[in-house]
1. For the structure I just gave you, tell me whether SER26 is small (Gly, Ala, Ser), more than 14 Å from the chain's Cα centre (by Cα) and surrounded by fewer than 17 Cβ atoms within 10 Å (Cβ to Cβ).
2. Please name all residue pairs, on different chains or six or more residues apart, with Cβ atoms under 7 Å, provided the first residue is in region 19-33 and is within 15 Å of ALA185 (Cα to Cα) and the second residue is β-branched (Val, Ile, Thr) and part of a strand (DSSP E or B).
3. With respect to ASP173, determine if the residue is in a helix (DSSP H, G or I) and either more than 26 Å from GLY89 (Cα to Cα) or modelled with pLDDT under 90 (or both).
4. Identify the residue in region 20-36 that is assigned to a loop (DSSP other than H, G, I, E, B) and farther than 27 Å from LEU76 by Cβ and, among all such residues, is modelled with the highest pLDDT.
5. If you go through region 177-227, how many residues are of a type in the set (Asp, Glu) and either over 20 Å from HIS51 (Cα atoms) or in contact (Cβ under 8 Å) with a residue 24 or more places away in the chain (or both)?
6. Could you pull out the residue among ILE74, ILE59, ILE8, ILE95 that is touching a Phe, Trp or Tyr at 6+ places or on another chain (Cβ under 7 Å) and β-branched (Val, Ile, Thr)?
Amino acid sequence: MQFLEWSILGLRSARHVLRHSERDLSITLFPMVHLAEPDFYERVYSDAEDHDVVVLEGIDSPISRRLTRSYRWISLARLGLVVQEKFVGNDVRTIHADLTATEFEELWRSGPRWERAAVEAGATVMGLWLRLTGTRTVLGRNLNTTDLPDRDTVMMWSERNAPLLDALLTARDAVLCRVVTDLLADGEQPNSVAIIYGAGHMGALVHMLFREGFRPVESEWIQVFSA
């Protein structure tokens, strides 16, 4: 299952609707990226507000802010893009489905100090480089995402850097799946759920939903930004 696709048309995000085989319950997936044209976020957030519940990501930590320099320092006005803002639903229930700042920092600090320093320094260098040379093509061409781990993620894993990957990927996947599972088991479960979450975490969620009896019934592409 595709979540993000880069092509000559630009970057697109796949809006998938999954419905349970026996219950009146649907889940809409909105695979997210941190940078997009304003219309992308406006469409996603407007659509999400029509659901009973919205499940969200987000880690408010000084460490996560340092890691996001790689895109926050980009000259957004030059590229006609904006940074994703927090979803604020006025008439919809929202659920946070991510690590707390304390949980994230504990996992992060359990990794080798020199690797942590290298990743944070790399994010700074990448941010400066993208500010000077970044284009939409540079930003989008490596963002193709499916429900299977890409080669770079698989090759990156080792026992040494497992804590860092856990903080960034697998632990967050586990929290997302646990929160959604608990929501589905709630006696007052909603009829429609929107999940606004990073595209890289959607694969683990989809596999869990399939095991729970959900199947895709509708899909469409939403333009993130043109080439």
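1. No.
2. Final answer for the pair search is SER26/VAL17; ILE27/VAL193; ILE27/ILE195.
3. On the way: in a helix (DSSP H, G or I): yes; either more than 26 Å from GLY89 (Cα to Cα) or modelled with pLDDT under 90 (or both): no.
Spelling it out, it is not the case that ASP173 is in a helix (DSSP H, G or I) and either more than 26 Å from GLY89 (Cα to Cα) or modelled with pLDDT under 90 (or both).
4. The first filter runs over region 20-36 and keeps only residues assigned to a loop (DSSP other than H, G, I, E, B), leaving 21-25, 33-34.
Narrowing the set further to residues that are farther than 27 Å from LEU76 by Cβ leaves 21-25.
On the way: SER21: 90, GLU22: 89, ARG23: 89, ASP24: 91, LEU25: 94.
Looking at residues that are assigned to a loop (DSSP other than H, G, I, E, B) and farther than 27 Å from LEU76 by Cβ, I get LEU25.
5. Taking region 177-227 and keeping what is of a type in the set (Asp, Glu), we get 182, 186, 188, 212, 218, 220.
Retained after the next criterion (residues that are either over 20 Å from HIS51 (Cα atoms) or in contact (Cβ under 8 Å) with a residue 24 or more places away in the chain (or both)): 212, 218, 220.
Matching residues across region 177-227 total 3.
6. Working: ILE74 fails: touching a Phe, Trp or Tyr at 6+ places or on another chain (Cβ under 7 Å); ILE8 fails: touching a Phe, Trp or Tyr at 6+ places or on another chain (Cβ under 7 Å); ILE95 fails: touching a Phe, Trp or Tyr at 6+ places or on another chain (Cβ under 7 Å).
Of the residues listed, the single one that is touching a Phe, Trp or Tyr at 6+ places or on another chain (Cβ under 7 Å) and β-branched (Val, Ile, Thr) is ILE59.
This table checks each residue for (1) modelled with pLDDT under 95; (2) more than 22 Å from ASN144 (Cβ to Cβ); (3) crowded, with 16+ Cβ neighbours inside 10 Å.
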| site | (1), (2), (3) |
| --- | --- |
| LEU18 | no, no, yes |
| GLU57 | no, no, yes |
| SER75 | yes, yes, no |
| LYS86 | yes, yes, no |
| HIS96 | no, yes, no |
| ALA117 | yes, yes, no |
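The values are calculated or read from the model by the stated rules, or taken from the named source; none is laboratory data. Quantities reported herein were computed from a predicted structural model and do not represent experimental measurements. We place every Cβ from the backbone using ideal geometry, glycine too, and count neighbours over all the protein chains shown.
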